[in-house]
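Working notes, structure below.
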Amino acid sequence: MLEFLLSADAIFALLTLTFLEIILGIDNIVFISIVANKLPEHQRSRATNIGLILAMVQRIILLFFVSFLVGLKEPFYSLENSWIELHMSWQAVILFAGGLFLIYKSTSEIREKVESPKHDEDETKSKAVKSLSQAITQILIIDFIFSVDSILTAIGMTNGLHPNPNYSLVLMIIAVVISIIIMIAFANPIRRFIDDHPSMQILGLAFLILIGFMLITEAAHLSHTQFIGNEVGAIPKGYLYFAIAFSLFVEFLNYRISKRKK
């Protein structure tokens with residue numbers, strides 16, 4: 001286990017996944033701040049911290065559940081004819097559905113942020129909060145919705161890193177714990193930074209489109225799908241890591257140039 005966690009692939013996947021978890025959690029932080037700000041001043045910090053800690057527990061439980069389903073590799077349906085062949089398992093179904101969901105959700109989020117950036121915030125503001133328990137309940141509901149993206153991203157980033165799926169599960173849990181700790185410690189600074197640099201959030205959503213496409217091809221590969229005799233291959237994760245690292249490097253250069261001009 002320790003040898004795997006200290007390997008270059010695992011470390012790079014952990015760093016990338018932690019970064020994406022934080023980016024995906026920005027909306028969550030904004031919504032949590034909005035809900036917490038409706039409470040008395042002395043309860044706001046407590047509501048934020050309790051909400052994020054319970055959100056971490058909720059995500060870890062969901063990780064165990066989804067990882068169990070992804071582990072179901074035995075085919076339950078086969079299709080063979082002259083132009084297509086596939087052997088479908090629950091693992092492939094979940095990865096395929098998750099990939100479609102990530103692509104749909106990411107493109108929808110990009111469109112909403114470009115056309116109506118305050119839509120979700122206004123919707124959250126319209127909900128009254130009368131007590132600490134009610135605020136925490138709203139925070140957990142909001143986090144559950146955003147956990148779907150988070151968990152599918154984690155599975156897409158770690159699937160296939162090690163033959164033992166428990167190793168990948170431990171890596172995902174570590175990434176979730178680190179990201180939540182960072183969000184608890186730097187919730188307001190992170191929120192302000194993303195507000196000042198919205199391109200980072202758009203970049204994170206663009207990464208999700210890449211991960212969604214990778215999940216779809218991975219599902220086809222695990223199903224041994226063949227189109228007209230040509231089998232669908234898996235996309236090496238190194239390509240995805242390189243694309244993310246290169247995009248972040250370009251964004252960093254753009255940030256330095258913009259800062260120097262100011």
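The values are calculated or read from the model by the stated rules, or taken from the named source; none is laboratory data. Owing to the predicted nature of the structure, the values given are computational and were not obtained by experimental measurement. Note that each Cβ is placed from the backbone with ideal geometry, even for glycine, and that neighbours are counted across all protein chains shown.
Ala206 fulfils the conditions (1) modelled with pLDDT of 80 or more; (2) in contact with a Leu (Cβ under 9 Å, 6 or more places away or on another chain); (3) under 20 Å from Ile22 (Cβ atoms); (4) of a type outside the set (Ser, Thr, Tyr) except for a single criterion, (2).
Per-residue answers, yes or no, for (1) of a type in the set (Ser, Thr, Tyr); (2) surrounded by 15 or more Cβ atoms within 10 Å (Cβ to Cβ); (3) under 20 Å from the mean Cα position of the chain (by Cα):
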{"position": "Gly156", "(1), (2), (3)": "no, yes, yes"}
{"position": "Ile174", "(1), (2), (3)": "no, yes, yes"}
{"position": "Ser199", "(1), (2), (3)": "yes, no, yes"}
{"position": "Ala220", "(1), (2), (3)": "no, yes, no"}
{"position": "Ser223", "(1), (2), (3)": "yes, yes, no"}
{"position": "Gly238", "(1), (2), (3)": "no, no, yes"}
{"position": "Phe252", "(1), (2), (3)": "no, no, no"}
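The sole residue among Leu132, Leu86, Leu140, Leu102 that is closer than 30 Å to His224 by Cα, surrounded by 13 or more Cβ atoms within 10 Å (Cβ to Cβ), over 15 Å from the mean Cα position of the chain (by Cα) and at pLDDT 70 or above is Leu86. Scanning the range 47-80 for residues that are of a type in the set (Lys, Arg) and either buried (at least 19 other Cβ atoms within 10 Å of the Cβ) or at pLDDT 80 or above (or both) yields a single hit, Arg59. Just one of the listed residues (Phe146, Phe96) is within 19 Å of Ile209 (Cβ to Cβ), of a type in the set (Phe, Trp, Tyr), at pLDDT 75 or above and surrounded by 11 or more Cβ atoms within 10 Å (Cβ to Cβ), namely Phe96.
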